[in-house]
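The values are calculated or read from the model by the stated rules, or taken from the named source; none is laboratory data. Remember, it's a predicted structure, so these values are computed and weren't measured experimentally. Please note: Cβ atoms are built from the backbone with ideal geometry, for glycine as well, and neighbour counts cover all protein chains shown.
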Amino acid sequence: MKLIRSFIRDGDTTTVNGKVRVPPGTVTVGTPPKYLCFEGDPVDCPDCKTTGVTRCIPPFRPYTGPDGRQVNLDGDLCICACASPPRLKALFDSMWMEFEKHEVAAMAGSSGWLAYAGHQQAISRFDQFFVAHDKQTRQPVSGFSYGLKTTALEHHDTLYDDGATAKAYAEDAQNLVLTYLVQTSMGIRP
């Protein structure tokens, strides 16, 4: 089973009819040529009436622009003032990244996109994650960066608001190790 994620370009939309606005001067693709969208490019959000920025979520392969930012793909996020981040929607499908299901199963943090794209049940038999709690209050904590590691992957991210790490998926049983948990100044996480 192959999983495909199309590239996002200037003018593409979001799940709430937002619009991606890529600043001129980056990489163009397609006919007519349009600028490719890279992480951090602006998105107009009609729901919260703010300008958000794009954020990449796994699965993806490294594909960076001249300034080193990762290209955005269909299903990535718009980080704006909305309570639940809207997803980016590609309006063309002539350029994409393709994944085998076993590759995606080994990429921690892919669960959000897999569920959004309707693939979750087909990917893996095993999943595991951690939840961080305050030692005294026993309440979930946020605002921490963490690392996860298995034999097949290494993943670095920020805790969800409920204190959870991203889920790691696999087709076979593996050990999942929390390699570090460090408090950050910003607890922003989609």
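The figures follow:
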quantity: Restricting the range 159-181 to residues that are buried (at least 18 other Cβ atoms within 10 Å of the Cβ) and assigned to a strand (DSSP E or B), the residue that is modelled with the highest pLDDT; calculated: ALA168
quantity: Among the candidates GLY68, GLY75, residue that is in contact (Cβ under 8 Å) with a residue 40 or more places away in the chain and either assigned by TED's automatic domain parsing to the domain that holds ASP93 or surrounded by fewer than 19 Cβ atoms within 10 Å (Cβ to Cβ) (or both); calculated: GLY75
quantity: Failed item, numbered, when ILE57 is tested on (1) within 16 Å of PRO86 (Cβ to Cβ); (2) at pLDDT 95 or above; calculated: (2)
quantity: Filter result for PRO58 (assigned to a loop (DSSP other than H, G, I, E, B) and in contact with a His (Cβ under 9 Å, 6 or more places away or on another chain)); calculated: yes
quantity: Test: residue in the range 15-37 that is touching a Cys at 6+ places or on another chain (Cβ under 6 Å), farther than 11 Å from PRO86 by Cβ, without any contact (Cβ under 8 Å) to a residue 60 or more places away in the chain and not aliphatic (A, V, I, L, M); calculated: no
quantity: Members of the range 82-94 found to be assigned to a loop (DSSP other than H, G, I, E, B) and under 17 Å from the mean Cα position of the chain (by Cα), listed by number; calculated: CYS82, ALA83, SER84, PRO85, PRO86, ALA90
quantity: Residue that is surrounded by the fewest Cβ atoms within 10 Å (Cβ to Cβ) [pool: residues in the range 23-54 that are modelled with pLDDT of 95 or more and in a loop (DSSP other than H, G, I, E, B)]; calculated: LYS49
